[in-house]
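**Student:** The structure's right below; bear with me while I get my questions together.
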Amino acid sequence: MKNPFIICFFILMNCAVLFGQNDSITFLALGDSYTEGTSELQRNGWPAQLVSLLNKKKIQVTSPKIVAKAGWTTTDLIRQIDSENLNSNYKLVSLLIGVNNQYQGLPLETFKAEFPALLETAIRLANNNPNNVFVLSIPDWSVTPFARFKDKEKITEELLTYNSIIEDVANQYNVQFIEITNLSKKAAFNRSLIASDSLHPSGKMYKTWAKKIVKKRY
């Protein structure tokens, strides 16, 4: 005959495990190369570093589900989300998109139409709770070596316009807007903040973003 105390112990342990799983924050990160962590190991990208920082604060977050690729515009991200079977009960959803719309010189009207649509989708995937969503501003890539022969002032001005739209739309939907553009500009004076491709952020830069997200949200 099995010891009833042992049976009770295992039942309690299983319940604790199930409770812990249900209590964890599920995280969906939507975007482009900045969210994918292009030219860096995924563990050095800001989504993974954000999870690590939160776990250290005893805030349990699952490994991020990342839907992001280098070169994606708002149109590309919409298409990819539509093709994926994503659940709609994420407890944390991030959105960082638009740099490739700017880089490719796409019509601003396209962004004005598609960014709100993406934010609505992000909210839907966050169990229709805007408090579970946050939006990041677009970094300023004019400070990178990649942009040395380009019109840096034009890049900065265009990104200011994009980020103004992003912030306004986020406010309209009661979604938190977190500004990281100023952090990205520090790369102008610190080469270690830029990845080996001379364009994308390094893991060190991504860590500053993750820290700011933690500070603003938690």
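**Student:** Among the residues of region 124-153, which ones are within 15 Å of the chain's Cα centre (by Cα) and part of a loop (DSSP other than H, G, I, E, B)?
**Tutor:** SER137, ILE138, PRO139
**Student:** Name the residues in region 181-211 that are under 19 Å from ARG43 (Cβ atoms) and charged (D, E, K, R), would you?
**Tutor:** ASP197, LYS204, LYS207, LYS211
**Student:** Hey, can you tell me all the residues within region 126-185 that are closer than 30 Å to SER88 by Cβ and among the charged types (D, E, K, R)?
**Tutor:** Scanning region 126-185 gives GLU167, ASP168, GLU179.
**Student:** Of all residues in region 102-118, which are of a type in the set (A, V, I, L, M, F, W, C) and surrounded by 15 or more Cβ atoms within 10 Å (Cβ to Cβ)?
**Tutor:** Within region 102-118, LEU106, PHE111, PHE115, LEU118 meet the criteria.
**Student:** Within region 186-205, track down each residue that is part of a helix (DSSP H, G or I) and farther than 24 Å from VAL93 by Cβ.
**Tutor:** Of everything in region 186-205, those that are part of a helix (DSSP H, G or I) and farther than 24 Å from VAL93 by Cβ turn out to be LYS186, ALA187, ALA188, ARG191, SER192, LEU193, LYS204.
Results for (1) touching a residue at least 40 places away in the same chain (Cβ under 8 Å); (2) among the β-branched types (Val, Ile, Thr); (3) not in a helix (DSSP H, G or I), shown as yes or no for each residue.
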| residue | (1), (2), (3) |
| --- | --- |
| VAL67 | no, yes, yes |
| TRP72 | yes, no, yes |
| ARG79 | no, no, no |
| ASP82 | no, no, no |
| ASN85 | no, no, yes |
| ASN101 | yes, no, no |
| GLY105 | no, no, yes |
| PRO116 | yes, no, no |
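**Student:** Give region 170-182 a look and list any residue that's surrounded by 19 or more Cβ atoms within 10 Å (Cβ to Cβ) and in a helix (DSSP H, G or I), or say none.
**Tutor:** ALA170
**Student:** What number of residues within region 65-101 are at pLDDT below 95 and either aliphatic (A, V, I, L, M) or crowded, with 21+ Cβ neighbours inside 10 Å (or both)?
**Tutor:** Number of matching residues: 0.
**Student:** Scan region 171-194 and report the pairs whose first residue is over 12 Å from THR208 (Cβ atoms) and touching a residue at least 60 places away in the same chain (Cβ under 8 Å) and whose second residue is assigned to a helix (DSSP H, G or I) and aromatic (Phe, Trp, Tyr), with Cβ atoms within less than 6 Å and a gap of 6+ or a chain change.
**Tutor:** Nothing qualifies.
**Student:** Which of the following residues is surrounded by fewer than 15 Cβ atoms within 10 Å (Cβ to Cβ), assigned to a helix (DSSP H, G or I) and among the hydroxyl-bearing types (Ser, Thr, Tyr): THR161, THR121, THR208, THR156?
**Tutor:** THR161
The values are calculated or read from the model by the stated rules, or taken from the named source; none is laboratory data. Predicted, not measured: the structure shown is a model, and the values here were computed from it. We place every Cβ from the backbone using ideal geometry, glycine too, and count neighbours over all the protein chains shown.
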